[in-house]
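Please treat every number below as a calculation from the coordinates, not as lab data. The structure presented is a predicted model; accordingly, all values stated were derived computationally and were not measured. Reconstructed Cβ throughout: ideal geometry from the backbone, glycine too, with neighbour counts over all protein chains shown.
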Amino acid sequence: MDTIESAQRRLIQCLPRVVETELVSLNHALGRVLAEGVLSQYDVPPSMVSLFDGYALTAPTRCAEVRTVVGQSYAGDAPQSLPSPDVAWRIFTGAALPLGSDAVIAQESVTLQADGRIVLNEVLRVGAGVRQQGADTQIGQCVLSAGTRLDAAHLGLLASVGVAEIAVVRRPRVALFTTGDELIEPGCALPPGKIFNANHALLRAAMARLSIEVLDLGVLPDEPVAIRAALRRGAAEADLVLTSGGVSVGDADWVRQVVADIGCIDTWRVFLKPGKPLAFGRIGDTPFIGLPGNPVSTFITFFLFVRPAIRAMVGADPDIDRPAPRLPLAQPWTGGDRPEFIRVKRARSIAGQTHLLTFPNQNSGLLSSIAWADGVALIPADSTLAEGDFVDYFPFEGWYL
């Protein structure tokens, strides 16, 4: 039986790398993965700038010195020059220092005389009140490495060094379908014996958040001809075929049977709960992953196994979740015979400490537990945990990185 880590490694090794790249503007780069490192073509800031409103001058200075103010600069003005080292220059936050100056005294630290001269009320060292040229980034510095999945901060950094377009890895294409005669699309009347299809919406939304291109093959009945056609189309047009349901060993589990007929399939026994069954196979050269049908199991296995494998496909770090933060449980918990991911929510205790509340019913069919929770906690097998014991915590928001 595989551990969680060994199953993750196996799946990463089984999925091919996406090597195609494309050039996109920053406005369309959120969530994309850098294909190559980015070197800064500029110093940021490009010159010394003032940290606050005040007066630029040449340091060091003495207390009670008197300086004549000979000019002024606002943010965005081109740098000027001090005519001599014994004068001052009125300057505002973010403005470039005039050449020849090397410090800024705050306007609150001077006395303005009637004749317009200023008296310095403190001693200044060289560099005081100044952000140095290149303090943020310098010419030739690698500001972001290949494999970085771009978020708002990354895009801001790229913009700050003048980058307008970047080379990113092509989005991975995942063919998705769910199966089951019992499934009805949301918005339709609900006949007896049917349930609304939640897993399809769940997986589509999760992949959208992860910037995955989805080839949506719909919701299929438990009918081998339709399943075979969807599998073949997905294998021909996508990098990965992903399904939910139909991969166990029952008579109606047609997905498993059809994949075995047209390719190969293996059920992985992973030492965790929830998360069974998890199937991996191939249809020609295209990998296939079959997730369990219970909604919570679908959610957990997608983010535990599919997400890191797809990150690796595009050159991103698959181990971004580790090490996991550790937080204390708000109540005792007894582990079962397998490691278990339980649905939890952060809360503040009476003492002001952050701890983890647990959902009262951890059944893997209860999608309401995922909607209530903000993460999962990993409970080791055969463990007896007291209130306040620390566990690994995986926040859902981190799973969308």
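Test of understanding: ordering Trp372, Trp254 by Cβ neighbours within 10 Å, fewest first, what list do you get? Don't jump to the answer; show the numbers that get you there.
Values: Trp372 14, Trp254 24.
Fewest-to-most ranking of Trp372, Trp254: Trp372, Trp254.
Where the only charges are on Cβ atoms (+1 Lys, Arg; -1 Asp, Glu), what is the dipole of the chain about its Cα centre, to the nearest 20 debye?
I would put it at about 180 debye.
Among the lysines, which have Cα under 29 Å from the Cα of Lys194 when same-chain residues fewer than 8 positions away are ignored?
The reachable lysines, counting only those whose Cα sits under 29 Å from Lys194, are Lys273, Lys276.
Between His355, Gly336, Trp372, whose Cα lies farthest towards the positive end of the dipole of segment 329-401 when Lys and Arg beta carbons carry +1 and Asp and Glu beta carbons carry -1, centred on the Cα centre?
Going by the charge dipole, the pick is Trp372.
Nearest 10 degrees is fine. How inclined is helix 224-237 to the longest principal axis of the chain, computing both from alpha carbons?
The angle comes out at about 30 degrees.
Rounded to the nearest 0.05, what FRET efficiency do Ala201 and Gln107 give with R0 = 51 Å and r taken as the Cβ-Cβ distance? Could you check? Don't skip to the end; give the middle numbers.
Numbers: r = 58 Å, r/R0 = 1.13.
Given R0 = 51 Å and the Cβ-Cβ separation, E is 0.35.
Please label the shape of segment 326-395 as rounded, prolate or oblate, based on the square roots a ≥ b ≥ c of the eigenvalues of the alpha-carbon gyration tensor (a/c under 1.5 means rounded; beyond that, a/b larger than b/c means prolate, else oblate). Walk me through the intermediate numbers first.
Numbers: a/c = 1.90, a/b = 1.13, b/c = 1.67.
Oblate.
Just to confirm the number: angle between the C-alpha axis of helix 199-209 and the first principal axis of the chain, 0 to 90 degrees, nearest 10?
Approximately 20 degrees, to the nearest ten.
If one computes the Cα centroid of segment 62-103 and of segment 260-290, what distance in Å separates the two points?
Distance between centres, Cα-based: 69 Å.
Sum -39500 (n - 2.57) across every DSSP H segment of at least 4 residues in the chain, then divide by the residue count to get the 222 nm mean residue ellipticity, nearest 500. Walk me through the numbers before you get to the answer.
Values: 8 runs with 74 residues, N = 401.
One gets -5500 deg cm²/dmol as the mean residue ellipticity at 222 nm.
Mind checking which of Ile4, Pro79, Ser47 is farthest towards the positive end of the chain's charge dipole, using Cβ charges of +1 (Lys, Arg) and -1 (Asp, Glu) about the Cα centre?
Checked the options; the winner is Ile4.
Could you check what % of the DSSP bridge pairs in segment 326-395 are antiparallel, to the nearest 5? Could you put the intermediate results ahead of the total?
Numbers: 19 of 20 bridges.
Around 95 percent of the beta bridges assigned by DSSP in segment 326-395 are antiparallel ones.
So how far apart, in nm, are the two label points at Leu190 and Arg170 if each is 7 Å from Cα heading toward Cβ?
4.2 nm
Given points 7 Å out from each Cα along the Cα-Cβ axis, report the Tyr74 to Leu99 separation in nanometres with one decimal.
In this crude spin-label approximation the distance works out to 2.4 nm.
Based on other C-beta atoms within 10 Å, arrange Thr3, Thr178 from fewest to most. Don't jump to the answer; show the numbers that get you there.
Numbers: Thr3 12, Thr178 26.
Listed from fewest to most nearby Cβ atoms, that is Thr3, Thr178.
In degrees between 0 and 90, to the nearest 10, how far off the longest principal axis of the chain does helix 4-14 point, with axes built from Cα atoms?
With rounding to tens, the tilt is 90 degrees.
If you filter segment 25-86 for trypsin sites (Lys or Arg not before Pro), then keep DSSP loop positions with at most 12 other Cβ within 10 Å, what is left? Before the final figure, lay out the partial values.
Values: sites: Arg32, Arg62, Arg67; in loops: Arg32, Arg62.
Those that pass, being in a loop and sparsely packed, are Arg62.
Under 13 Å from the Cβ of Leu385, count the other residues' Cβ atoms, weight Lys and Arg +1, Asp and Glu -1, and hand me the total. Walk me through the numbers on the way to the answer.
On the way: positive: Arg326; negative: Glu340, Asp382, Glu387, Asp389, Asp392.
Within the 13 Å Cβ shell, the charges total -4.
Could you tell me which label, among (i) 23.5, 84; (ii) 29.8, 97; (iii) 23.7, 99, carries the value of Rg and Dmax of the Cα atoms in Å calculated for this structure?
(ii)
Starting from the Cα of Glu223, step 7 Å along the direction of its Cβ; do the same at Leu51; then give the gap between the two resulting points in nm.
Inter-label distance under the simple model: 7.2 nm.
Kindly put Thr267, Thr354 in sequence by how many other C-beta atoms sit within 10 Å of each C-beta, fewest to most.
Values: Thr267 16, Thr354 13.
Least to most surrounded, the residues fall as Thr354, Thr267.
Just how large is the dipole of segment 326-395 about the Cα centre, in debye to the nearest 20, putting +1 at every Lys and Arg Cβ and -1 at every Asp and Glu Cβ? Write out the running numbers ahead of the final one.
Values: 6 positive and 7 negative charges, 60 e Å.
Result for segment 326-395 is approximately 280 debye, rounded to the nearest 20.
How would segment 166-301 be classified by its alpha-carbon gyration tensor: rounded, prolate or oblate, with rounded meaning a/c under 1.5 and the a/b versus b/c comparison settling the rest?
Working: a/c = 1.37, a/b = 1.17, b/c = 1.17.
Rounded.
Remind me, relative contact order of the chain in percent, using alpha carbon pairs under 8 angstrom and six or more residues apart? Write out the running numbers ahead of the final one.
On the way: 919 pairs, mean separation 64.6, N = 401.
So the answer I get is 16 percent.
Would you mind working out the magnitude of the charge dipole of segment 153-293 relative to its Cα centre, with +1 at each Lys and Arg C-beta and -1 at each Asp and Glu C-beta, to the nearest 20 Debye?
On the way: 14 positive and 15 negative charges, 80 e Å.
For this selection, approximately 380 debye.
Nearest-5 percent of antiparallel DSSP beta bridges in the chain? Kindly include the intermediate steps, with their values, before the conclusion.
Values: 54 of 79 bridges.
Among the beta bridges of the chain, antiparallel pairing accounts for roughly 70 percent.
Which is farthest toward the positive dipole end of segment 185-269 among Leu217, Ala260, Gly187, measuring Cα position about the Cα centre, with Cβ charges +1 (Lys, Arg) and -1 (Asp, Glu)?
Gly187
For segment 49-131, what proportion of DSSP beta bridges, expressed in % and rounded to the nearest 5, is antiparallel? Please report the intermediate quantities before stating the final value.
On the way: 15 of 20 bridges.
Rounded to the nearest five, the antiparallel share is 75 percent.
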